[in-house]
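Enquirer: The structure follows.
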Ligand SMILES: NC(=O)c1ccc[n+]([C@@H]2O[C@H](COP(=O)([O-])OP(=O)(O)OC[C@H]3O[C@@H](n4cnc5c(N)ncnc54)[C@H](O)[C@@H]3O)[C@@H](O)[C@H]2O)c1
């Protein structure tokens, strides 16, 4: 079965690509490499070669906003009598802070890019899509655990683009309910790395997220970790979040594809998280315990837009997809550190 994976060279996409290929899918990766390195593709090939896994996956260096490129991809597949049967759509921009600085660019890439992709799919009668949405669409809420029917109230332009895309997907589904099959997966915080140490998270510049920040402190690229607030209404005063191992998240996509394949048509929003809230202090302690390293930190003032607790209710994913996260926080720390140790400067 041929799958088009947009953003397949990024942090999440590369791990999904590897799983898809390992499980025998015929994978086309479309990526503009605007936020990823071509060394990711080399790492995927190295892993598959080391494991003697046959692969003939294709990489297309292109932009989801370029209609000609998208048409060509679908046309070529049809000519090869191997049409694209499903799309996993991850390509997009994801920095909350950048989305405040350049909102039009975020709307252009995320929303117009997705609109372009969906019209191309529609024209080529490919009606199956898994979309990467985000827990950020729930906005400022302390009502953890969060279910999918929680109020949608994004507080940044990035989150608003995700909501706009979910709405667009819904309208499209309603326009042709006999054909469209849509899963919008709302991710919490994907962290960790592939256990081989060949793939992992390599943020450009200063990491926005806790985990890559910790591993960069551990490897000596940063002096200390900043912890924003130790007076939250949580057991130890630091913020509580939901961290999910990247491989658990990736497996959720394969289960979503299976789910779509089992349906004539459908439309679902599904949370993907661990379903557990961990505080920042708990994460730091577990990382220190798992690696034997010290993570120096400074407690800073709370940041605007943060909340005390945010974690997922994952019962819908368990029920509909038959999926559940399998990897512990310890595994997250070990795999994340293994990746950073083997690749002190990421993919470069
Ligand atoms: N990482 C997270 O914490 C997180 C959480 C929730 C949702 N998401 C969503 O998941 C998706 C993947 O996230 P990620 O962490 O892997 O990000 P990433 O930046 O590592 O990967 C995104 C990939 O898309 C590519 N891309 C960007 N614009 C493109 C365009 N116009 N055309 C083609 N390719 C383009 C980038 O080069 C990159 O390889 C994103 O849509 C993101 O919003 C991520």
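Enquirer: Can you sort 253, 150, 105 by how many other beta carbons sit within 10 Å, fewest first?
Expert: Ascending number of Cβ neighbours within 10 Å: 105, 150, 253.
Enquirer: While we're on this one: How much of the calculated P(r) for the chain lies past 38 Å, in percent of all Cα pairs?
Expert: That tail contains 12 percent of the Cα-Cα pairs.
Enquirer: Now for a separate question. What relative contact order, as a whole-number percentage, does the chain give when Cα pairs under 8 Å and 6 or more residues apart are counted?
Expert: With pairs under 8 Å counted, the relative contact order is 19 percent.
Enquirer: Another question, if that's okay. Rank these for me by crowding, 204, 276, going from fewest to most other beta carbons within 10 Å.
Expert: Fewest to most other Cβ atoms nearby, the residues stand as 204, 276.
Enquirer: Roughly how tilted is helix 329-342, in degrees to the nearest 10 and between 0 and 90, from the longest Cα axis of the chain?
Expert: It works out to around 80 degrees.
Enquirer: Could you give the nm distance between label points at residue 235 and residue 76, where each point is 7 Å from its Cα heading toward the beta carbon?
Expert: 5.2
Enquirer: When DSSP assigns beta bridges and you keep just the ones with both residues in the chain, what percent turn out antiparallel, to the nearest 5?
Expert: Antiparallel bridges: around 5 percent, rounded to the nearest 5.
Enquirer: What's the percent breakdown of Cα-Cα distances in the stretch 16-94 across 10 Å bins, shortest bin first?
Expert: Distribution as computed: 16, 48, 33, 3 percent.
Enquirer: Next question. Among 72, 303, which comes first, then next, by fewest other beta-carbon atoms within 10 Å?
Expert: By the 10 Å Cβ count, ascending, the order reads 303, 72.
Enquirer: To the nearest 10 degrees, how steeply does helix 280-291 sit against the main Cα axis of the chain, on a 0 to 90 scale?
Expert: 90
Enquirer: What relative contact order, as a whole-number percentage, does the stretch 140-250 give when Cα pairs under 8 Å and 6 or more residues apart are counted?
Expert: RCO, the stretch 140-250: 22 percent.
Enquirer: Compute the Rg/Rh shape ratio of the stretch 48-122: radius of gyration over Kirkwood radius, all on alpha-carbon atoms.
Expert: Answer for the stretch 48-122: 1.08.
We did not get these values from a lab; they are worked out from the coordinates using the rules stated. Being a predicted model, the structure only gives us computed values, none of them experimental. Cβ atoms come from the backbone with ideal geometry, glycine included; neighbour counts cover every protein chain shown.
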